[in-house]
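Chemist: Take a look at the following structure, please.
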Amino acid sequence: MSGATMTLRDDLRAIRAAALAAVDAGAAVRRHLRRTGDCIHAGDVTWRMSAIDRIVLVSIGKAAAPMAAAAADILGGSLDVGVVLTKHGHAEGFAFPDTVRCFEAGHPVPDAAGMRGAQASVELLATTTARDRVLLLISGGGSALLTLPAASLTLADLQATTAHLLRAGATIEHLNSVRKHLSRVKGGQLALMAAPAPLVALVLSDVIGDPLDVIASGPAAPDPTTYADAWEVLAQFDLLRQVPAAVREVLAAGKAGELPETPKPGAPLFQSVTHVIIGSNRMAARAAIAAAEARGYRALLLTTFVEGEAREVAKVAVALARGIRAHGDPLAAPACLVWGGETTVTVRGAGKGGRNQELALAAALSLTGLPDVALMALATDGTDGPTDAAGAIVDGQTVVAARDAGHDPRAALAANDAYPLLDTVGALMRTGPTGTNVNDLMVLLVA
């Protein structure tokens, strides 16, 4: 590996650190929640403690623990009771008051622990009155973690449906439009349970464009989607015959008007609900740009709206690298290009990996032999797919090293089996849970 390539890898690690620091979940809460005397300020909303009975906390998502810990520190004795629901392993190192219960649960496929955490949240919100105030902390992953099936469904029904949609390459918008109509807590229904208590939601966004109804399936946001939309998603991915019969029955009954819809935009309920975006992919991307510039690169943020198959996005990334190398377009070297969003993978093989690892391996195949270029594909929560890796850093020598180690990179890509190959050549990034979750970042460096 050349000295230039080693420098690129070091620079990518520094850029990664800066991007993650900019969207640290605890720090984001501290910027938007503060106390002055008798008043609690949550975003632009002020609560006067002498005029209310309780502050009730519900924190859900992969960043639920650091967000809740920051809120508990700020609120001190004013925090009366709460529930924290996060992914297995993501609460490690965080402590909460005795009145705050913490649950760790499964993601991306829901599990029984998620149901217990969701039930605890529902039971807590059922006790609220108009003199209480609810602080809802939301981060990505909340859709799978906050799991409470509609009355006629089971956890197994939700698990099977989620798994089918994930394997089919459904986007988060597709996935959550279905989830909302198979649940008792998603799509504004958690806000319905909290009423009449006013509610403020501080939101760490992991969805392109920060749509409140999609992030964690919008538990306190009006839901513009319908049972018919959810049915159409299953039809689009040819899954109507594959999902459990009970799921089809619920969606069919909803389409026919036999079941109540989720709360819709304009419902009076939402007049006492306030949402504040406190962290996003764009914030992380802009921090990455600043870090690259500080290290001597000409840097450009291309977009934070990347979607599509991971391996196809990889081809575009390498094309951009070749354009920089050949013509100085869109920037002359040394150059840094940053983009964010969320790709998808249509799973056809039985391998191990995640969307960022798949993107990285596909890019490595196209980068082979191209000198002084490196690409990082990063899941900002530290978990890319069902693996212990946050993504990978690859360059023009990655595939050469993999072949020397006995791997067939094209066969690995075809089998959706990027993890073992990237692990062998030392390309994986293992950050552990980062304490945040604002979607994915891709950074390309050309020396």
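Chemist: Residue by residue through segment 29-67, note down the ones that are among the β-branched types (V, I, T), crowded, with 17+ Cβ neighbours inside 10 Å and in a strand (DSSP E or B). I'd like the intermediate steps shown before the answer.
Modeler: Just the residues of segment 29-67 that are among the β-branched types (V, I, T), to begin with: 29, 36, 40, 45-46, 52, 55-56, 58, 60.
Then keep just the ones that are crowded, with 17+ Cβ neighbours inside 10 Å; that gives 29, 40, 52, 55-56, 58, 60.
Those that are among the β-branched types (V, I, T), crowded, with 17+ Cβ neighbours inside 10 Å and in a strand (DSSP E or B): I40, I55, V56, V58, I60.
Chemist: For the structure I just gave you, tell me whether G353 is in the same structural domain as E312 (by TED's automatic domain parsing), in contact (Cβ under 8 Å) with a residue 40 or more places away in the chain and in contact with an Asp or Glu (Cβ under 7 Å, 6 or more places away or on another chain).
Modeler: yes
Chemist: Continuing with this model, one more query. On the given criteria, is E261 modelled with pLDDT of 95 or more, among the acidic types (D, E) and assigned to a loop (DSSP other than H, G, I, E, B)?
Modeler: Working: modelled with pLDDT of 95 or more: yes; among the acidic types (D, E): yes; assigned to a loop (DSSP other than H, G, I, E, B): yes.
It is true that E261 is modelled with pLDDT of 95 or more, among the acidic types (D, E) and assigned to a loop (DSSP other than H, G, I, E, B).
Chemist: Oh, and also: With respect to G188, determine if the residue is buried (at least 24 other Cβ atoms within 10 Å of the Cβ) and either more than 22 Å from the chain's Cα centre (by Cα) or on the phi > 0 side of the Ramachandran plot (or both).
Modeler: On the way: buried (at least 24 other Cβ atoms within 10 Å of the Cβ): yes; either more than 22 Å from the chain's Cα centre (by Cα) or on the phi > 0 side of the Ramachandran plot (or both): yes.
Considered against the rule, which asks whether it is buried (at least 24 other Cβ atoms within 10 Å of the Cβ) and either more than 22 Å from the chain's Cα centre (by Cα) or on the phi > 0 side of the Ramachandran plot (or both), G188 comes out as yes.
Chemist: Separate question: Might you check whether a residue that is in contact with a Pro (Cβ under 8 Å, 6 or more places away or on another chain), surrounded by 15 or more Cβ atoms within 10 Å (Cβ to Cβ), aliphatic (A, V, I, L, M) and in contact (Cβ under 8 Å) with a residue 24 or more places away in the chain occurs anywhere in segment 251-267?
Modeler: yes
Chemist: To continue, here is another question. I'm told E293 meets every condition in (1) of a type outside the set (K, R); (2) in a helix (DSSP H, G or I); (3) over 22 Å from A17 (Cβ atoms); (4) not assigned by TED's automatic domain parsing to the domain that holds A64 except one. Can you identify the failing condition by its number?
Modeler: (3) is the only condition that E293 fails.
Chemist: Of the conditions (1) farther than 27 Å from E249 by Cβ; (2) within 20 Å of the chain's Cα centre (by Cα), E123 satisfies every one except a single condition; which number is it?
Modeler: (2)
Chemist: Here is a further query. Kindly indicate whether L375 is farther than 18 Å from D10 by Cα, surrounded by 24 or more Cβ atoms within 10 Å (Cβ to Cβ), touching a strand residue (DSSP E or B) at 6+ places or on another chain (Cβ under 8 Å) and at pLDDT 95 or above.
Modeler: Criteria not met by L375.
Chemist: Quick check on segment 88-105. Is at least one of its residues over 23 Å from P196 (Cα atoms), part of a strand (DSSP E or B) and either among the small types (G, A, S) or in contact (Cβ under 8 Å) with a residue 40 or more places away in the chain (or both)?
Modeler: The answer is yes; a qualifying residue exists.
The values are calculated or read from the model by the stated rules, or taken from the named source; none is laboratory data. Computed from a predicted structure; not experimentally measured. For neighbour counting, all protein chains shown are included, and Cβ atoms are generated from backbone atoms with ideal geometry for every residue, glycine included.
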